[in-house]
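Only the coordinates and a few stated rules stand behind these numbers; no lab work does. Since the model is a prediction, treat every value here as computed from it, not as a measurement. When we count neighbours, we look across all protein chains shown, and the Cβ atoms used for this are built from the backbone with ideal geometry, even at glycine.
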Amino acid sequence: MLFNSYIFIFLFLPLALLGFCLLKDRNPVAAKVWLIAVSLWFYGYFNLGYLAIMVCSILFNYAIYRAIVYVQKKSATEDEESTGSIVTAGRTPLIIGIAGNLGLLIYFKYTDFLLDSCNHVFKTALPLKHILLPLGISFFTFQQIGFLADAYRNELPAKETRQSNDDDSGTGEDDPKLCSFVDYALFVSFFPQLIAGPIADAQSMLPQYRAIGRKARTEGAFGVTTEAASSDHISPLGNDRILNGTVLFILGLSKKVLIADTFGKAVDYAYGVSATGIGSAEAFLTILFYALQLYFDFSGYCDMALGLGGMFGIDIPVNFDSPYKSRNIIEFWRRWHITLNKFLTKNVYIPLGGNRKGNVRTYVNLLIVFLISGIWHGAGVTFILWGCMHGLMYVITRAYMKLMEKAHKKESVDSGPDEAKESYKPCTGLLSRIITFIFVCIAWVFFRSPDVSTACTILRSTVTGGFGHIGDGFLEGFNSGEFWYALKILHLTNLSFSRYIIMVLFAIFGLGTALLAPNALYISKSMKRTIPNGIMLGILFIWSVLSLSGVSTFLYFNF
Amino acid sequence: MTDKKVRNFILAMGVTVALGLIAAGAAVITVDPFFHYHAPLKSFPYVVDDQVDMNPGLAAHMDYDSVLLGSSMTVAFDTDWFMEDMGLKTQKLSYNGAYPKDQAIILDKIFKAKGDSVKRVFLGIDELNYSSDTEQTKFEPTDYIYDDNVINDVKYIWNKTVLLDYVIKPLVDRSDASEWNKIYKPWWQPMHYNLANVRLYYTPAPETPDKTTADEYIEGIRANLDANILPYIEAHPDTEYTIFYPPYSILYWYDAKRQDQIDSIIAKYDYMTRRLLEYDNVEVYFFQNDRDIICDFDNYADHTHYSPEVCHYMTDCMAEGKRRVTLQDLDKELEDLKDLAENYDYDSIDL
């Protein structure tokens, strides 16, 4: 089921919310089971086969988790008698768990890529399997790997004392860190983050799931304490959490349906005809518009996920924070797909040694992380190239910044300490920001292209295509529907350049929003609750709903 | 923030959404531009240009006693001619590029709505598409139009394209309103029917060294007739089926010759005609070898699509029984066609 579909908005969501609100205060476990059940419905709506895979994955990982806990407990008991450490205990089940998850991911996502690569390299003719990729498999396998790693490192959050004493999740055990199956299943399957992330971590999510129906004391993205939200009897009126969530959902929906999909039409057209040649202007605009399409698509999805989580009193981790405002590539990766970056840092970069083993190893580790990030995004050479490009840029930027900081420090020592000089930060000026944005846009060409040759054709066309020609097919997505009618009403359609007006306005709006505007989370919290704003949001919602008939999937569904 | 302000904010948002969705839904249901719920309003200037989405509604709610089915080869017909020539109130339900499955789907809709009150079905058969997969359709049928699920009608009643392009736009600009007797008509004007225009679209097919066997396509044709056409002929014996093969220009046969496919195409006509003529309620019209039509490029806008004048001529023929083919004279017609296709002086065409 898609967030941007009629069935989700008018049937699934109201039912899910209603059931949750009715059960939450009466029977928290039942409320959680309800959320799991609707989440399975949400996932199974795509394909029942997918659902079986996900359920098996959850059962497998929970069994592995319990094995880790068992081994660690046993080891701890033995350690009381001897002098060992429990840190290494549970390694075997962890390795089995990681291997199982990666095996599942590799089988479904990379089999054809590996077979194809094998055929190319060894000139074999192995038949491709054409395995259907279960949606969101990259997200829920990574999330579960993260959970197992946290369990192994003994970093799972403990229950509060009262929770521990009054745990009604049916575990029947008194370990304060033990995660019940219901909480675990909800942690993996919670529908707002199931299909395209974020890759939530146990530290931030488990306490919230445990707090359902109880008073807790954490504060999250919505700035509303869980205690306040949990103690409220959720009703359509007066519950700020639901309201904030609704506002954010509407903003996200409109970003996706009204903006991303409009840019997407031009991009799809250009990539579709790129083999027969596109002009330089079209090539430039294609590169820019794909950057904007992906931005509004992914941020729209993240806003909707965050808003939906908020409606259920769950603060989903922020995954997207105005990334095109980044001043350098390092900052970009702190703003784009934040949770994937955190996951890779915690579970790949640091175990590889992080920055503790000298500069060369640090850079190698970083390149490995970006290579994995590229492969994670897709089974193809283009994704690997995209990851490598970002890795190289990251390493170069980091090395340059270190070098500049060192030189600056030396200069400061020579000329005496100065507060202004101490706060010197290289690669943070306007030029750096522009270079970062251009680099990211170029790298997206490889991300979007079906093969390297298409990516090269698009890039080459920027200089060889000849300026001035923008085809009707490219403009069609902009010059249709309500925007074209707006031009007609304003009597602008007779102007010689009228066919470009809407595209230019879209480009200005898209760039302005991406580069300058506050993010939707901030807007949803700070928007004044006035009647005009209410009407405006209502119109935005209607406009988005009426635009749903040309439903398109989220780009990040494919990863 | 006071509770009252929040309440007003929610109320404003909720009322806007409710009113907006009710208004949009009411407008679409009232006008019903795809005729999903009711027959067209008398005074509304409907734009009828979406065959996939509109044909089922037209089949269900229009007043007619005969239908015209087929591919883009049938869109240039004026249904008034059928009334003038045969006294039949005919509804055009063409699908551009139609496959046999498309015909089966719309025949289901027609007989479900009208039962045996359908006196006559005019069906143009393009041999090219009749050896395809029996389940293949030209376009994916729109779920909310073709199924009986009321719930997914939400995609129709809250649909920006439907609302803007088919409800509001016709009201603002009535000039695009369709004439009911000429719906789906091609955009070509009289000046486009000539060799110069044909030349614009035509590139001779590449010559192929392998000769296609004569019965190459027969199995596909058999499967399609059995699955998608004959069951309707058998199930409705009181309905008369008038089947015609659209006359493509001589350039179609030039391509067939270059690809050594003349025999296999003629074998298709032979097989189809014999199977169809097994039924008493079927008559077949054969225009393929009508030299006055297919050798005159002033009848064509491209190498297959003929002019409204040709359509009118064919309608007259079907009314008068002219160019009707029977089992007795089928061989003769096919031999004549073969002779024409193989021996025409293609070099005389100024390509």
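Among the lysines in the stretch A:6-214, how many pairs, 8 or more places apart or on different chains, have alpha carbons under 29 Å apart?
Counting lysine pairs in the stretch A:6-214 gives 13.
Please give the charge dipole size of the stretch A:328-428, origin at the Cα centre, charges +1 on K and R Cβ atoms and -1 on D and E Cβ atoms. Round to the nearest 20 debye.
About 380 debye.
Tell me, A:Ser204, A:Ser299, A:Ser544 in order of fewest to most beta-carbon neighbours within 10 Å?
Exposure proxy ranking, most exposed first: A:Ser204, A:Ser544, A:Ser299.
If you wrap a convex hull around the C-alpha atoms of chain B and split its volume per residue, what is the figure in Å³?
Per-residue hull volume (Cα only) is 176 Å³.
What FRET efficiency would be calculated for the residue pair B:Lys338, A:Ala517, taking the C-beta separation as r and a Förster radius of 51 Å, to the nearest 0.05?
Plugging the Cβ-Cβ distance into 1/(1 + (r/R0)^6) gives 0.10.
In the stretch B:36-66, which residues have a backbone nitrogen under 17 Å from the label point lying 7 Å from B:Ala177's Cα in the Cα-to-Cβ direction?
From the stretch B:36-66, the list is B:39-49.
To the nearest Å, what is the center-to-center distance of the stretch A:423-501 and the stretch B:234-296, using C-alpha atoms only?
50 Å
Quick one: Kirkwood hydrodynamic radius for the protein assembly as shown, alpha-carbon pairs, angstrom, one decimal?
Hydrodynamic radius (Kirkwood, Cα only) of the protein assembly as shown equals 32.3 Å.
Could you pull out every residue, at least 5 positions away or on a different chain, whose amide H is within less than 5 Å of the one on A:Phe320? Hs are placed 1.01 Å off N in the peptide plane, and Pro or chain starts have none.
A:Ile338
Relative contact order (percent) for chain A, with alpha-carbon contacts under 8 angstrom and 6 or more residues of separation?
Value for chain A: 17 percent.
Specify which residue in the list B:Pro33, B:Ile243, B:Met13 is farthest towards the positive end of the charge dipole of chain B, using unit charges on the beta carbon of Lys, Arg (+1) and Asp, Glu (-1), about the Cα centre.
Toward the positive end, the furthest listed residue is B:Met13.
What FRET efficiency do you get for B:Asp350 and A:Phe467 if R0 is 30 Å and r is their Cβ-Cβ distance, rounded to the nearest 0.05?
It comes to 0.20.
Considering the stretch A:6-214, what Rg and Dmax in Å follow from its alpha-carbon atoms?
19.6, 64
Along the positive direction of the dipole of the stretch A:328-428 (beta-carbon charges: Lys, Arg +1; Asp, Glu -1; about the Cα centre), which of A:Tyr394, A:Ser373, A:Cys427 reaches farthest?
A:Ser373
In debye to the nearest 20, how big a dipole does chain B give about its Cα centre with +1 on each Lys and Arg Cβ and -1 on each Asp and Glu Cβ?
The dipole magnitude comes to about 2040 debye.
So which GluC sites (Glu not before Pro) in the stretch B:153-218 pass both tests, a DSSP loop state and at most 12 other Cβ atoms within 10 Å of the Cβ?
Hits after loop and neighbour filter: B:Glu179, B:Glu207.
Using a simple charge model, +1 on the beta-carbon of Lys and Arg, -1 on the beta-carbon of Asp and Glu, nothing else, what dipole does the protein assembly as shown show about its Cα centre, in debye to the nearest 20?
5860 debye
Starting from the exponent 0.38 and prefactor 2.2 Å, build the expected Rg for the stretch A:328-428 from its residue count and divide its actual Cα Rg by it.
The reported ratio for this selection is 1.25.
Say each of A:Leu505 and A:Thr530 gets a label point 7 Å from the Cα, pointing the same way as Cα to Cβ; how far apart are those two points in nm?
2.3 nm
Would you calculate the convex hull of the Cα atoms in the stretch B:21-64 and tell me its volume per residue in Å³?
Enclosed volume per residue, from the Cα hull, is 79 Å³.
Could you check what % of the DSSP bridge pairs in the protein assembly as shown are antiparallel, to the nearest 5?
Antiparallel: roughly 25 percent of the beta bridges in the protein assembly as shown.
7 Å from Cα along Cα→Cβ at both A:Thr111 and A:Phe60: what's the point-to-point distance in nm?
Simple spin-label model gives 1.3 nm for this pair.
Return the calculated 222 nm mean residue ellipticity for chain A, to the nearest 500 deg cm²/dmol, obtained by summing -39500 (n - 2.57) across DSSP H runs with n ≥ 4 and dividing by the residue count.
Mean residue ellipticity at 222 nm (helix-derived): -20500 deg cm²/dmol.
So, R0 is 41 Å and r is the distance between the beta-carbons of B:Ala23 and B:Ala319; what FRET efficiency does that work out to, to 0.05?
0.30
Sticking with the crude label model, points 7 Å out along Cα→Cβ, report the distance from B:Thr326 to A:Lys346 in nm, one decimal please.
Spacing of the two 7 Å Cα→Cβ label points: 8.6 nm.
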